[in-house]
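Here the structure is laid out as structure tokens; the discussion comes afterwards.
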Amino acid sequence: MPYAVSEYQTTPNPNALKCILDRPLRPGADALRSFRDSDQARNDPLGLALLAVPGVASVLLADSWLTVNKSPEARWPAVKAGVERALAAAE
């Protein structure tokens, strides 16, 4: 079932953005997961999908939110659109 971002929150890091989701991620799964590359996320389909978004450098997945870190040259509008597409396609 797809997810949606209900709110974006800025962080002290200009290359990180917290995404509040419309519902919890994978109920019963590990509460906190962090991935810096696709090898680390190989067993996490959502982590892999988010890391495949151009400009995404790492992700932190929690219960009902996630934080996306982008590369300095990436622009937030494109990264947000990619994150929203990845979440909409999530199962």
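Inside segment 21-77, residues that are farther than 18 Å from Val5 by Cβ and either touching a residue at least 60 places away in the same chain (Cβ under 8 Å) or among the aliphatic types (A, V, I, L, M) (or both) make up a count of 6.
Scoring Ala81 on the criteria (1) without any contact (Cβ under 8 Å) to a residue 12 or more places away in the chain; (2) surrounded by 14 or more Cβ atoms within 10 Å (Cβ to Cβ); (3) small (Gly, Ala, Ser) leaves a single failure, condition (2).
Just to be sure, is Glu91 more than 11 Å from the chain's Cα centre (by Cα), in contact (Cβ under 8 Å) with a residue 40 or more places away in the chain and either part of a loop (DSSP other than H, G, I, E, B) or buried (at least 17 other Cβ atoms within 10 Å of the Cβ) (or both)?
Details: more than 11 Å from the chain's Cα centre (by Cα): yes; in contact (Cβ under 8 Å) with a residue 40 or more places away in the chain: yes; either part of a loop (DSSP other than H, G, I, E, B) or buried (at least 17 other Cβ atoms within 10 Å of the Cβ) (or both): yes.
So Glu91 passes the test.
The set of residues in segment 62-81 that are of a type outside the set (A, V, I, L, M), farther than 11 Å from Cys19 by Cα and either in contact with a helix residue (DSSP H, G or I) (Cβ under 8 Å, 6 or more places away or on another chain) or assigned to a loop (DSSP other than H, G, I, E, B) (or both) comprises Asp63, Lys70, Ser71, Pro72, Glu73, Arg75.
Can you name the residue in segment 7-37 that is within 13 Å of the chain's Cα centre (by Cα) and of a type in the set (Ser, Thr, Tyr) and is also farthest from Trp65 (Cα to Cα) among such residues? Only one residue tops the list, namely Ser34. Criterion first (surrounded by fewer than 16 Cβ atoms within 10 Å (Cβ to Cβ), assigned to a helix (DSSP H, G or I) and not hydrophobic (A, V, I, L, M, F, W, C)) does Arg23 satisfy it? Answer is no for this residue. Scanning segment 1-18 for residues that are surrounded by 10 or more Cβ atoms within 10 Å (Cβ to Cβ) and aliphatic (A, V, I, L, M), we see that the one that is farthest from Pro77 (Cα to Cα) is Ala4. Screening Gln40 against (1) in contact with a helix residue (DSSP H, G or I) (Cβ under 8 Å, 6 or more places away or on another chain); (2) closer than 21 Å to Glu73 by Cβ leaves a single unmet condition, (2).
Each value in this text was obtained by applying a stated rule to the coordinates, not by laboratory testing. Everything quoted here is computed from the prediction, not taken from an experiment. We place every Cβ from the backbone using ideal geometry, glycine too, and count neighbours over all the protein chains shown.
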